[in-house]
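*Asks:* Supplied in structure tokens, the structure appears directly below.
Every number here is computed from the coordinates shown, using simple stated rules; none is lab data. Note that the structure is predicted; figures quoted are calculated from it, not measured. Here the Cβ positions follow ideal geometry from the backbone for every residue, glycine too, while neighbour counts run over all protein chains shown.
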Amino acid sequence: MKNNFLLSLSLLAVFSACAQQPGDNPGVYSPEKSAVPKPAGLVADADNAGLKLPAGFGAIKVADGIGRARHIVVTQQGDIYVKLMRAVDGKGVLKLHDNNGDGKSDATTGFGNYGGTGIAIKNGYLYASSDEEVFRYKLDAKGDVIAPLQPEKIISGLINRRQHESKSIALDNNGNIYVNIGAYSNSCQERDRQTGSMGMKPCPILDSAGGIWQFKADKLNQTYGDGVRYATGLRNVVGLDWNSQANQLFVMQHGRDDLHNIFPALYTEQENADLPAETMYALKKGDNAGWPYIYYDPFKNKKIQSPEYGGDGKKEGSSEYVDPVVAFPAHMAPNGLLFYTGNMFPAKYKNGAFIAFHGSWNRAPLPQEGYYVAFVPFENGKPSGKWEVFANGFAGIEVVTGTRGAQHRPCGLAQGPDGSLYVSDDVKGTIYRIIYTGK
């Protein structure tokens, strides 16, 4: 076990070498040479809300204790809509308002008596999802919901088997809405997560889950029959966003678990902790990412055939499955994805991707990983450099040995009209606002 632990540290060091940490290279950006606007009237918290950020950035704790805050969105007026995982006092969507302009919420209202994850704003409508349905609400010129008790139901009947049930959403610029329908399984075994159980092929789950479905954003009462299985072979996607520069959907997949636990003769405990990668995909209609038949090995940089389907940890997977565009360390649970289009942050962040890593639960006996917001630079709609940790410290402790030890876990991301970056936490219900001051 000691040797395994030392190997783990060395492997994490490899990843750290590839991931620049905040403040590692403060000379890259010169505030004196930039036209980046400074947020008027905003002052970061003295402790940056407990976060560790690159030089020149600060953070404000906008709200706290509001419930299990999943995805969030910010209106052009600066109000924040929050989707709660579980409704609180009969309210599953909260609206946070700042009355005095100090960056902190001091007025909270709510509506929608359902829990869930997804929320988005597009073309004058607020969209919100439960774990089976998607609703939309008309907004007025002030960004307020006109009829909070009378939403339009645009999608219903989506499968919910109490595993990977969240229905995250994203909208394109052509009238379509994309919905994640997660697979209610780890690897489509005959007996889920049971030692030695082989996989079902074809995997019957893929007919109604394990992928992204496309629906019309303005059509009421749609079901599976009205939608299109846009992409398949995706175990579970919580973070997704439409990249307008590439005119393409990007998603973050949660990789599978239990390689050693299910096939102890093929995988060590160390490999169980370090495999497979969490992966970012750029999707086109008809793409297949390969779950459950393959997984992505971030050390070999290859698709590997899953052991449930005859793999041995070395046999490569079929070339018919699309490759990820970025691979991250295992078991970090990417729950939020946002392409940054604002002007507040320095130029390196423009059009790049922020990812909220919710943090792992299954790397024991090794420490858990994640609990931070990462950044990937993009150019012309494609990744253009190595990923780096952008905002850390959410967990509140240096080493997380179990998920209950993390004080906060990043989940949702949103961009404010001034270019601020908002992050939600679904443990204590904290909303953070990250600003750039150049100081």
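*Asks:* In deg cm²/dmol, rounded to 500, what helix-only [θ] at 222 nm does the chain give when every DSSP H run of at least 4 residues adds -39500 (n - 2.57) and the total is split over its residues?
*Replies:* On the way: 3 runs with 27 residues, N = 439.
Calculated from helices alone, the mean residue ellipticity at 222 nm is -1500 deg cm²/dmol.
*Asks:* Quick check: convex hull of the Cα atoms in the range 153-263, volume per residue, rounded to a whole Å³?
*Replies:* On the way: hull volume 11.4 nm³, N = 111.
Roughly 102 Å³ of hull volume per residue.
*Asks:* Compute the Rg to Rh ratio over the range 288-362 from the alpha carbon atoms, using the Kirkwood formula for Rh, and round to two decimal places.
*Replies:* Details: Rg = 15.9 Å, Rh = 14.5 Å.
Looking at the range 288-362, the ratio lands at 1.09.
*Asks:* Structure shown: which of K284/K348; K284/K428; K122/K350 lie over 32 Å apart, alpha-carbon to alpha-carbon? Walk me through the numbers before you get to the answer.
*Replies:* Numbers: K284/K348 26 Å; K284/K428 37 Å; K122/K350 21 Å.
Correct reply: K284/K428.
*Asks:* Which residue, chosen from I146, V179, P202, occupies the Cα position most advanced towards the positive end of the dipole of the range 115-202, where the dipole is computed from +1 (Lys, Arg) and -1 (Asp, Glu) charges on Cβ about the Cα centre?
*Replies:* Ranked along the dipole, the leading option is P202.
*Asks:* About the Cα centre of the chain, how large is the charge dipole given +1 on each Lys and Arg Cβ and -1 on each Asp and Glu Cβ? Please answer in debye to the nearest 20. It would help to have the intermediate numbers written out before the result.
*Replies:* Working: 45 positive and 44 negative charges, 53 e Å.
Roughly 260 debye for the chain.
*Asks:* Next up: Stretched out fully, how many nm does the piece from A265 to N221 gain, at 0.36 nm a residue minus the Cα gap?
*Replies:* Details: separation 44, 0.36 × 44 = 15.84 nm, distance 4.93 nm.
Full extension of this stretch gives 10.9 nm more.
*Asks:* Let me ask something else. Answer with one residue from A273, Y293, Q222: the one whose Cα lies farthest towards the positive end of the charge dipole of the range 217-346, charges on Cβ with Lys, Arg +1 and Asp, Glu -1.
*Replies:* Towards the positive end, the residue furthest out is Q222.
*Asks:* So the label point goes 7 Å from the Cα of A246 along Cα→C-beta, right? Which residues of the range 369-411 then have their backbone N under 18 Å from it?
*Replies:* 374-388
*Asks:* Roughly speaking, what is the centre-to-centre gap between the range 331-357 and the range 43-59 when only Cα atoms are used, to the nearest Å?
*Replies:* Result: 17 Å between the Cα centres.
*Asks:* Could you give the length gained on full extension between A55 and R86, defined as 0.36 nm per residue of separation minus the Cα-Cα distance, in nm? Each step should come with its number before you reach the end.
*Replies:* On the way: separation 31, 0.36 × 31 = 11.16 nm, distance 3.61 nm.
Length gained, A55 through R86: 7.5 nm.
*Asks:* On to the next question. To the nearest 20 debye, what charge dipole does the range 313-439 have about its Cα centre, counting +1 at the Cβ of each Lys and Arg and -1 at the Cβ of each Asp and Glu? Working shown, then result.
*Replies:* Numbers: 12 positive and 10 negative charges, 38 e Å.
Using only the charged Cβ atoms, the result is roughly 180 debye.
*Asks:* Same structure, new question: Can you work out the Karplus-derived ³J(HN,Hα) for every residue in the range 122-127? Use 6.51 cos²θ - 1.76 cosθ + 1.60 with θ = phi - 60°, whole Hz, and x for glycine or proline.
*Replies:* 3J(HN,Hα) across the range 122-127, in whole Hz: 7, 6, x, 10, 9, 9.
*Asks:* Quick one: which residues, 5 or more positions from E316 or on another chain, have an amide H under 5 Å from its amide H? H modelled 1.01 Å from N in the peptide plane, none for Pro or chain starts.
*Replies:* Q305
*Asks:* Among K382, K201, K300, which one shows the highest mean-square fluctuation when the chain is modelled as a Gaussian network with alpha-carbon springs under 10 Å?
*Replies:* Answer for the Gaussian network model of the chain: K300.
*Asks:* At 7 Å along Cα-to-Cβ for each site, give me the label-to-label distance between S208 and D45 in nm.
*Replies:* Rounded to a tenth, the inter-label distance reads 4.3 nm.
*Asks:* Determine by what factor the alpha-carbon radius of gyration of the range 34-170 differs from 2.2 N^0.38 Å, reporting the quotient.
*Replies:* Numbers: Rg = 16.5 Å, N = 137, 2.2 N^0.38 = 14.3 Å.
That works out to 1.15 for the range 34-170.
*Asks:* OK, next. On average over all directions, what projected area in square nanometres does the chain have, based on the convex hull of its Cα atoms? Before the final figure, lay out each step's value.
*Replies:* On the way: hull surface 80.6 nm².
Computed as one quarter of the Cα hull surface, the answer is 20.2 nm².
*Asks:* Separate question: Leaving out same-chain residues fewer than 8 places away, which aspartates and glutamates sit with a Cα under 18 Å from that of K219?
*Replies:* Within the straight-line cut-off, K219 pairs with E132, E133, E152, D172.
*Asks:* Counting other beta carbons within 10 Å of each Cβ, put I304, I146 in order, fewest first.
*Replies:* Numbers: I304 20, I146 11.
Placing the least packed residue first, the sequence is I146, I304.
*Asks:* If you don't mind, another one. Using Cβ counts within 10 Å as a stand-in for footprinting exposure, how do C188, C203 rank, fewest first? Before the final figure, lay out the partial values.
*Replies:* Values: C188 26, C203 22.
With the fewest neighbours first, C188, C203 line up as C203, C188.
*Asks:* Ok, one more. Given H placed 1.01 Å from N in the peptide plane, which residues other than close sequence neighbours of V400 have an amide H under 5 Å from its amide H?
*Replies:* Correct list: Q368.
*Asks:* Over the C-alpha atoms of the range 226-320, what are the Rg and the largest Cα-to-Cα span, Dmax, in Å?
*Replies:* Reported Rg and Dmax, both Å: 14.4, 46.
*Asks:* Same structure again: Loop-only check: which trypsin sites (Lys or Arg not before Pro) in the range 39-133 are DSSP coil with at most 16 other Cβ within 10 angstrom? Spell out each step's value before the answer.
*Replies:* Details: sites: K52, K61, R68, R70, K83, R86, K91, K95, K104, K122; in loops: R68, K104.
Nothing satisfies the criteria.
*Asks:* Cα convex hull of the range 314-397: mean projected area in nm², to one decimal?
*Replies:* Details: hull surface 31.2 nm².
If you wrap the Cα atoms of the range 314-397 in a convex hull and average its projections, you get 7.8 nm².
*Asks:* What Kirkwood radius, in Å to one decimal, follows from the Cα pairs of the range 155-208? Walk me through the intermediate numbers first.
*Replies:* Working: mean 1/r = 0.0771 Å⁻¹.
Radius from the Kirkwood sum: 13.0 Å.
*Asks:* Using the alpha carbons of the range 262-390, what is the convex hull volume per residue in cubic angstrom, as a whole number? Don't skip to the end; give the middle numbers.
*Replies:* Details: hull volume 15.3 nm³, N = 129.
Enclosed volume per residue, from the Cα hull, is 118 Å³.
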